[in-house]
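Before any comments, here is the structure.
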Amino acid sequence: MAFEKPGWVRRHRVQHFMGGALFDPASALDTELSNVDRQALLAAIAGSTQQSGTAEIETVLCRARIGILHRDLHGRVLLVNHAFCALVGRPAGVLDGLDFASLTHPDDVARFSRTYGDHLARGEPFAIEQRYLRPDGSAIWCSVHVSFVPGIDGRPRSAIFVASDVTARRHAEARLRESEEHYRHAVELNPQITWLAGANGAVLEVSCRWHEVTGIAREKALGESWVAALHPEDRALTRQQWAASLASRQPVDVEYRLMTASGEYRWFRARASARLNAEGEVIRWYGTIEDVHDRRLAQNELRDSEERFRLAAQAAALGIWDYDALSGRREWSPEFKAMLGLPFDARPEIGTALALVVPEDRPVLKSLVQAAQAGDSSARFDVTLKIRRASDGAERWMQTSGWRMHASSGRLTRVLVTVRDVTEERTAEDRIRWIATHDTLTQVPNRFFFTQQLEQAIARAEGGKDLALVLLDVDRLKEVNDTIGHDAGDMLLKTFARRLADAFGEARVVGRLGGDEFAVLVEGVSRENLPAAIGDALEVLRQPFEHDGYACDMQATAGVSFFPRDGTGGTELLKAADIALYVGKAGRRGELSIFEPGMRAGLQRRNSMLNVARMVTRDQRVEPFYQPQIRLDTGALAGFEALLRWRHDCLGMQGPETIAVAFDDLRLAAALSDRLIDRVAHDLRHWLDAGLHPGHVAINLSPAEFRDERLAERVIEPFRRLAVPLDCVEVEITETVLLGRDSEKVAATLATFHDHGLTIALDDFGTGFASLTHLKMFPVDVIKIDRSFVATVCERSDDAAIVDTIVSLAHRLNMQVVAEGVEREDQARHLAALGCTFGQGYLYGHAAPAEAATELLRRV
C-alpha cells in the first residue's frame, strides 16, 4: 500500500517536509498500538534511508490501522495514508482543503475546535478522543494525537494527525457502564438485604439496605460481626443452623430478631444457597434477609389467642368448625350444628355439610375443602353460603370466616372456621342494593341501573334482535306542583311510572332518569310496530287521575331512537333519543318524535348560539342601543329602552335573537346583562356630566337571572359606583318571571329594586299567563302593552278594547302605560285618546348607539 506522497520518511526527513523543525515520531505515534506494533513502527521510521523504508512504514501502519495525516494550516494535505482515508471514509483528493468540522461528529466539533485552537496558539501537541463522521452517516471513535510542525520562525506551519480506531473499546466501556448501573439499581432497589459469603460462611459483601434497616455500617457486618446485631436469645440457634448448612451444603432458612435503626428488634427471615464448582465444592454463599415481623407477630398472636377466640365465639353464638390437618380430626360446635338444624350427636362429615348447601353454592365449599387438603398457604378466607336447614328446610345465609395456621416449615396444621347466620343482614343488604339501583318514589330503575340494563340489552341485540330506546318527559309536572302541591306531583310521577310499565307490557324496562324524565327500553318489537305502540301508551298516559278531589291532567312527550340505526352504544342511543325528545318538546308536545339525523342540526344551532354568546362575553362585544320612549300627550322625550346588540367582525351589529338561547343559561345571561348594564351606567354618567337629561333608561332582565341571589346587587352596583341616580333606571321583566316556582325570591328581588328607587316595568303584558293577582303581589310600576295589540288597535275593535282595558286598569292601579310597536301617527293618536301615557316604536326612532342618543338629547 503506497502513500500519496512516497518517500516522505528519509534520513533528512526533518528538512524534507518539516522546514527544519524536529519531529518526534514516538510522541506523534503514541496511540493505542501494541508494544510490538509501536516498536516496529518506530524502527521502520528510524531506518527509512533504505529504499524499502516507505513500504515498510506503510505496511506497519496499515497492519496497526494507524491513520496519518499531515496538512498545513490552510487545510492543504501534505501527506496522508490509506489507513486515515479508510477511517474517515473519504479518498485523499476529497480531504484536500476539507474543513475538519465536515469530518467530525456534530457533538464533538466544538470540543475539538476549542482544544485544537488552544494548543495551536502554544504549539503544543495534544491527544483527544473524538468521532469521525463518514459520508454514509456512520460514526467511528478514534484516538487522535496532534503535533504541530514549526517553521523557521518557530510558529506552527502544519499539523500531523495520528488516528487509531477505538470504537470497539468505547462500545465495550459503554456496555460495561450499563451493566454496572443495572446491577447497582437492582441491588439498591431490592427491598430485601442481599449478602455474599465465602465458602467458610464469613460474610464478604452486604447491600446498602443493611445500613438503612439496622443503622450499622456495612463494613461492621462482614465476617461474623453481623451476629452481634441479633437478639441474644436467637444467636445460638442461628449459629447452629448456619453451621449445619455449611457442613451439609444445603440451603439455610432461619428466622431471627434483628436490631433495627429505630432501636427495636424486628423479625427477619434469612435464606441462603451455595454456588458449587464442578467438583461440588462451595465457591460462594448468596443470601437475602427479609422483614417478616408483621407476619410473625400475627401468627404468634393467632396461636396465643386461639382459646380466647373459642370462648368469645361461643359467647357470640358463632358456630365453630375446627379441622386438625395433622390428625385429620374435625369438630363442630353445638352452635354450628344448631345453625344447620342437625342433632347434637351428628357426625362432623364433609358430605353432611355439602348436602345442606344449596346446589349453586356447593362448588365454593368444595374448593375451600380441596384448598385446605392441598396445603393452601393463604392464612384467611371469607365466603357466604346459602343452606337449607336440615330440621325445617328453611333457607338461611351463613357467613363463613376461616383461618389457616401453618408450622414454621410452612406445613398446614390447623383450619379454624367460624360460621354466623346473616340472613337478616343479607335481607337488609338486598334492600340497600335495591334502593341504590331504583327510584324510591316510583319503584322503577334509576339512571345508573337503567344505563347498565341498556348496555346489556345492546349486547343481546347484536345478534339481530330489535331494540328501541324511548325517552319521555312529563309535560305538566311543574303545573301540578305549583297549583295543587308537591304531593300531587309525586302521585303524578308514581301513576305515570305504573301506567308506563302497564302500557308497554313485558318486553320493556322502565326507568326514571331524573326529575320528570323517564325512559323505556323495548326489546323484540319491530321498528314498524313500535310507533303505534308508543302512540297507544301516550294515549293511556293522557287520562286524568284523581288526587284529593282534584282531577289532574297528565301528558308526556316522547322521543325514540333505534339500535343500531341511531347508535351502537348506550351513550349514542341516549343522545339520539334526547335530541328527538328536545325537538318534540319544542314543537310537538304530547306526541312521539322519531330521531332523524337532521334533528342534530337544530341542536347544533343551539350549541352554536351558546358558543357565540361565550365569545361575545369573553371579548366584551356587547353594546347598548337606545330606542326612545315618547310622551304621547306632548311628544316630549321621556327616556330610552336599552336594547342589547353585539359586534360581529364581518356582519356588523347583531341583535339578541342571534344568541337567544344564551338567555336561558344563568351564567351566560348574567355575563351579557352585566356588560350591558355597565355600559348603560357609563352612558348615563356621561349624559348627566354633559348637562343632558335622559329621563329614565329601561334595561331588560331575563327570567334565568332571577335564579341568581345576587341579582339586585349586580344591577344596582354599577350605577351606585358611578353615582348615577337610581330613579333614572327602569327594570323590565316578562310575565314568565312572575310565574316561576320561586315567586317569593322574585318578589324579594323586585322589592329590593323598588326600595332603592328603580322603576319596575312588566313587558309584553297580555300575551302570557299573568293574572291581576300578580299585579297586586309584585311591585309593578309600568305596564308595557305588547306590539301585537298596538299593530291593529285602529283596525280591530277587539284589540282596541283590550288596549283600553289595560290602560284603564293601569290608571286605577296607579301605574304608567307604555305602548310598544307604534309605527303610524293614527296609532299614536288612538293610543293617546285612550289615555296611554308613553309610546315606543319606529315612528319615534329605531334603536341606535349611544352617540345617536346623545345627539337626540342635545336637540330636545
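The values are calculated or read from the model by the stated rules, or taken from the named source; none is laboratory data. Since we're looking at a predicted model, the values are computed, not measured. With ideal geometry, Cβ positions are generated from the backbone for all residues, glycine too; neighbour counts draw on all protein chains shown.
Okay, here's what the table says:
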quantity: Residues located in region 601-625, provided they are basic (K, R), assigned by TED's automatic domain parsing to the domain that holds A847 and more than 28 Å from the chain's Cα centre (by Cα); calculated: R621
quantity: Close pairs (8 angstrom Cβ cut-off, 6 or more residues apart or separate chains): assigned by TED's automatic domain parsing to the domain that holds W141 and of a type in the set (A, V, I, L, M) in region 106-127, outside any helix (DSSP H, G or I) and surrounded by 15 or more Cβ atoms within 10 Å (Cβ to Cβ) anywhere; calculated: L120/F148; L120/P156; L120/A159; A127/D30; A127/S143; A127/V144; A127/H145; A127/V146
quantity: Per-region count, region 822-849, residues surrounded by fewer than 20 Cβ atoms within 10 Å (Cβ to Cβ) and among the aromatic types (F, W, Y); calculated: 2
quantity: Search result, residues across region 519-546 that are under 16 Å from A497 (Cα atoms) and assigned to a strand (DSSP E or B); calculated: A519, V520, L521, V522, F545, E546
quantity: Residue count for region 674-725, restricted to those that are farther than 19 Å from A613 by Cβ and part of a loop (DSSP other than H, G, I, E, B); calculated: 12
quantity: Test for R645: is it closer than 14 Å to P718 by Cβ and crowded, with 16+ Cβ neighbours inside 10 Å; calculated: no
quantity: Evaluation of S147 against (1) farther than 16 Å from R65 by Cα; (2) in contact with a Ser or Thr (Cβ under 8 Å, 6 or more places away or on another chain); (3) without any contact (Cβ under 8 Å) to a residue 60 or more places away in the chain; (4) not aliphatic (A, V, I, L, M) (one fails), failing number; calculated: (3)
quantity: Residues located in region 437-471, provided they are polar (S, T, N, Q) and either surrounded by 17 or more Cβ atoms within 10 Å (Cβ to Cβ) or at negative phi (or both); calculated: T437, T440, T442, N446, T451, Q452, Q453, Q456
quantity: Flag if A580 is out of contact with any Leu (no Cβ under 6 Å at 6 or more places or on another chain), among the small types (G, A, S) and assigned to a helix (DSSP H, G or I); calculated: yes
quantity: Number of positions in region 421-475 that are under 27 Å from F562 (Cα atoms) and of a type in the set (K, R); calculated: 3
quantity: Residues (surrounded by fewer than 19 Cβ atoms within 10 Å (Cβ to Cβ) and outside any loop (DSSP other than H, G, I, E, B)) located in region 736-748; calculated: T736, S743, E744, K745, A747, A748
quantity: Set H686, H693: member being surrounded by fewer than 20 Cβ atoms within 10 Å (Cβ to Cβ), modelled with pLDDT under 95 and over 48 Å from the mean Cα position of the chain (by Cα); calculated: H693
quantity: In region 674-720, the residues that are of a type in the set (G, A, S) and touching an Asp or Glu at 6+ places or on another chain (Cβ under 6 Å); calculated: A698, A704
quantity: Residue ranges of helices (runs of 4 or more DSSP H) in region 781-860 with at least 2 members among the hydroxyl-bearing types (S, T, Y), assigned by TED's automatic domain parsing to the domain that holds P624 and without any contact (Cβ under 8 Å) to a residue 40 or more places away in the chain; calculated: 797-812
quantity: Any hit, region 749-756, residues being in a helix (DSSP H, G or I), of a type in the set (A, V, I, L, M) and under 14 Å from A704 (Cβ atoms); calculated: no
quantity: Meets criteria (at pLDDT 85 or above, in a helix (DSSP H, G or I) and either under 17 Å from E539 (Cβ atoms) or not assigned by TED's automatic domain parsing to the domain that holds M554 (or both)) for L454; calculated: yes
quantity: Cross-chain or 6+ apart pairs with Cβ under 6 Å, region 420-436 first and in contact (Cβ under 8 Å) with a residue 40 or more places away in the chain, then surrounded by 10 or more Cβ atoms within 10 Å (Cβ to Cβ) and of a type in the set (A, V, I, L, M); calculated: R420/L318; D421/M339
quantity: Flag for E825 being in contact with a strand residue (DSSP E or B) (Cβ under 6 Å, 6 or more places away or on another chain) and at pLDDT 90 or above; calculated: no
quantity: Out of A497, A501, sole residue that is part of a helix (DSSP H, G or I), surrounded by fewer than 19 Cβ atoms within 10 Å (Cβ to Cβ) and either hydrophobic (A, V, I, L, M, F, W, C) or in contact with a Pro (Cβ under 6 Å, 6 or more places away or on another chain) (or both); calculated: A501
quantity: Among the residues listed as D96, D108, D165, the single one being surrounded by fewer than 18 Cβ atoms within 10 Å (Cβ to Cβ) and of a type in the set (D, E, K, R); calculated: D96
quantity: E528 being on the phi < 0 side of the Ramachandran plot and free of Cβ contacts under 8 Å to residues at least 24 places away in the same chain; calculated: yes
quantity: Filtered residue count, region 398-420, keeping only those that are surrounded by 18 or more Cβ atoms within 10 Å (Cβ to Cβ) and within 46 Å of the chain's Cα centre (by Cα); calculated: 10
quantity: Subset tally (residues that are modelled with pLDDT under 90 and part of a helix (DSSP H, G or I)) for region 75-93; calculated: 2
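Per-residue answers, yes or no, for (1) at pLDDT 85 or above; (2) surrounded by 17 or more Cβ atoms within 10 Å (Cβ to Cβ):
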| site | (1), (2) |
| --- | --- |
| A313 | no, yes |
| L318 | no, yes |
| Y323 | no, yes |
| S327 | no, no |
| W332 | yes, yes |
| R347 | yes, no |
| A353 | yes, yes |
| P363 | yes, no |
